[in-house]
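Note sheet for the following structure.
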Amino acid sequence: MPNELCLNGALRRPIRVVGFGGGYNQNGTLAFIFQHHDDALSHRHRAKLVAGAFSDDSPDWSPLVAGYYDVDENRCYGNWKQCLEKEMTLLDKPDLAVIATRNVDHYKTALTCLQMGLHVVCEKPVTMTVLQAIDLKDVAAQHKRVFAVPHCYRHAPTAVLAQEMVEQGEFGHLLAARLRYIQGWEDRKMTLQECPQTWRNDATVGGVGGATGDIQTHIFDFVRRVAQAKPLELLSEQRQFVAGRNNDDYSVTLVRCEGSALVTLIASQVTTSRANDVEMELDFADASVEWKSRSTNELTVRRHGKVDEVYRDDPNAGWAQKYPKFRKACHGPGGHWNGDLGRGWSRFYGEVLDDVATCVLGGQVDPAKAEYSTAEDGVWGMRLIHGANRSKGIWVPFPEK
């Protein structure tokens, strides 16, 4: 049987995963983000969660979470240090660590994982400071380990199509872009204690970038990847509408890019009755492009004097033959929920697991060629967060530290 038809190619076994975080929120609900990780990891049975410490701040919860994820109770630990000390001595030790803890714990957990030989997927923001993010990038390179950040919107097939069209020069140079990420889970009438994940609103635990770090980093990654925007400096205004919060829940950031392109990034977590809406509008010299998370199976392109072009997630269409990345991103025939954002997660992990399997087998991978967000993208996210925090309404360069 050809290797490409086997489980993880020549490896012929699932990637073994250790998980950190994913415990219960203050309101008693299971943290949803780790569920996304687990669902995507188990897609096509390419990876298996085998161990973890699922709640460092409430160790008694960890076995309950482990049961939910079908992890052997003997491989469930009270904290990440205990977990790594034991797991990395086993013959069937993990290959990959997934870190979805509180932001303040990302750096020390990821650094230890890399130093012990694990590949890493780390939630954003990857660290608390720019220098910490640079350190993780350097350590990952030194140890030749995969380091990935789950910015999954870039993996929607129609987003990949837009990126491929830009790469092929179909639209001319970028003039401007407007991206919005709008949520309403923090109602302005809430007190800080009523918010479902209070730690996110505390700069000492969640970082100085509230909405900036949580969601504006997603659309910043999106415009850098899809539109190939190359940032130079930024101006940002941030607000805290929820009483008692000490980081932002609303942020508007302007980014000047190479070629004089101007990018506008708007992030809100306090817009009443909005769920999770991402919108991208790109203005190029020869066309405009529109993409929305509520219609991820469609990409709209408008050219001067022509009828609007609406591209859908059909890898078998005649026009699609010139876009190999787009065709690869579609898991099925047109209209079969290729654009569902859950599939963006599975595509992200598909690319990551390809590279992890290559490394486990003794090969090497070049992060510069990765389709997923890497440690370098994690650094750019931290540069956005701290640049926006320092800006306070004036233009500043993206910080180097």
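Since every read-out is calculated from the coordinates, none of them should be taken as a lab result. Quick caveat: nothing in here was measured; it's all calculated off a predicted structure. Note that we place each Cβ from the backbone using ideal geometry, even for glycine, and neighbour counts take in every protein chain shown.
Just a few scattered comments:
- Whether the stretch 286-377 is rounded, prolate or oblate, judged on the alpha carbon gyration tensor where a/c under 1.5 counts as rounded: prolate
- Dipole in debye (nearest 20) - the chain, about Cα centre, beta carbon charges: Lys, Arg +1; Asp, Glu -1: 340
- Distribution of pairwise C-alpha distances over the stretch 53-164, 10 Å bins, in %: 13, 39, 32, 13, 2
- Extension gain, Arg303 to Lys401: 0.36 nm times the residue separation minus the Cα-Cα distance gives 31.1 nm.
- Beta bridges assigned by DSSP with both partners in the chain are antiparallel in approximately 60 percent of cases.
- Student exercise, the stretch 350-396 dipole from Lys, Arg, Asp, Glu Cβ charges, in Debye to nearest 20: 520
- Full extension of the segment from Ala141 to Asp70, taken as 0.36 nm per residue of separation minus the current Cα-Cα distance, would add 22.3 nm.
- Listed residue pairs exceeding 32 Å between alpha carbons, taken from Lys81/Lys401; Lys86/Lys230; Lys124/Lys328: Lys86/Lys230
- Note on the stretch 87-224: Rg/Rh from C-alpha atoms, Kirkwood Rh, equals 1.04.
- R0 of 35 Å, Cβ-Cβ distance Leu175-Thr89: FRET efficiency to nearest 0.05: 0.05
- Under 18 Å from the Cα of Lys369 - aspartates and glutamates, other chains or at least 8 residues apart: Asp138, Glu164, Glu167, Asp221, Glu351, Asp354, Asp355, Asp377
- Positive minus negative residues near Cys76 (Lys, Arg vs Asp, Glu; Cβ under 12 Å): -3
- Positive contributions from Lys and Arg (+1) and negative ones from Asp and Glu (-1), summed over other residues with Cβ under 15 Å from the Cβ of Gly67, come out at -4.
- Shown for the chain are the DSSP H helices of 20 Å or more along their axis, judged by Cα atoms, with a mean Kyte-Doolittle hydropathy of at least -0.5: 341-360, 375-391.
- Hydrodynamic estimate: the Kirkwood radius of the chain over Cα pairs, inserted into Stokes-Einstein at 25 °C and 0.890 mPa s, corresponds to D of 113 µm²/s.
- Nitroxide proxy distance, nm - points 7 Å out along Cα→Cβ at Leu131 and Lys292: 4.5
- Rough spin-label spacing in nm, given labels placed 7 Å along Cα→Cβ, for Asp39 and Ala10: 3.5
- Note on Thr204 and Val104: the model spin-label points, each 7 Å out from Cα along the C-beta direction, lie 0.6 nm apart.
- Toward the positive end of the charge dipole of the chain, with +1 on the Cβ of Lys and Arg and -1 on the Cβ of Asp and Glu, the farthest Cα among Asn246, Val379, Thr296 is that of Val379.
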